[in-house]
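Contents: one structure, followed by commentary.
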Amino acid sequence: MVNSSPNTTKMIETKKKESEIKKQAVLHVLRELALLNDPINSPISKAEICRKACVSKTFLYSYQEELLKPINEEIKRQNQKMKIISQKQSFSANSNAKLIESLKRKITKLEEKNKILKNENAILIGKLAKES
């Protein structure tokens, strides 16, 4: 009583539709995380995308070009942002005092130069007054 020619086309079509819906869900979650643009509080990772889209990692890896490639590109962008953020923080933490000292020295030099120029200006005004 075995069916010699089973008709599985409907089942295959249904599975393809389910896969397409899951792919769209993954891409939607990726867009959401990218729009948040917050690598610290909402990082983009394969595990996070799988969790939010309710798919397995195996599902992601079965669609290399369609899903993994855009995810990996977004993760690279996020990592670049994280590098920039950490560089800014380390700069301000490590050399803030030295920067302040340097700026104070510049201010002192400029004030001295300003005094000299004021004296020269007063001398020139005095000479101009004698001539007229």
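Is segment 54-65 home to any residue that is assigned to a loop (DSSP other than H, G, I, E, B), at negative phi, of a type in the set (Gly, Ala, Ser) and under 19 Å from the mean Cα position of the chain (by Cα)? No, segment 54-65 has no match at all.
Conditions (1) assigned to a loop (DSSP other than H, G, I, E, B); (2) in contact with an Asp or Glu (Cβ under 8 Å, 6 or more places away or on another chain); (3) at pLDDT below 95; (4) within 14 Å of residue 66 (Cβ to Cβ), marked per residue:
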position	(1), (2), (3), (4)
3	yes, no, yes, no
7	yes, no, yes, no
16	no, no, yes, yes
26	no, no, yes, yes
30	no, yes, yes, yes
33	no, yes, yes, no
38	yes, no, yes, no
43	yes, no, yes, no
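For beta carbons closer than 7 Å, sequence separation of 6+ or different chains, a first residue in segment 1-25 that is farther than 26 Å from residue 46 by Cα and a second that is surrounded by 10 or more Cβ atoms within 10 Å (Cβ to Cβ) and modelled with pLDDT of 90 or more, there are no qualifying pairs.
The values are calculated or read from the model by the stated rules, or taken from the named source; none is laboratory data. Just so it is clear, the structure is predicted and the values come from calculations on it, not from any experiment. Reconstructed Cβ throughout: ideal geometry from the backbone, glycine too, with neighbour counts over all protein chains shown.
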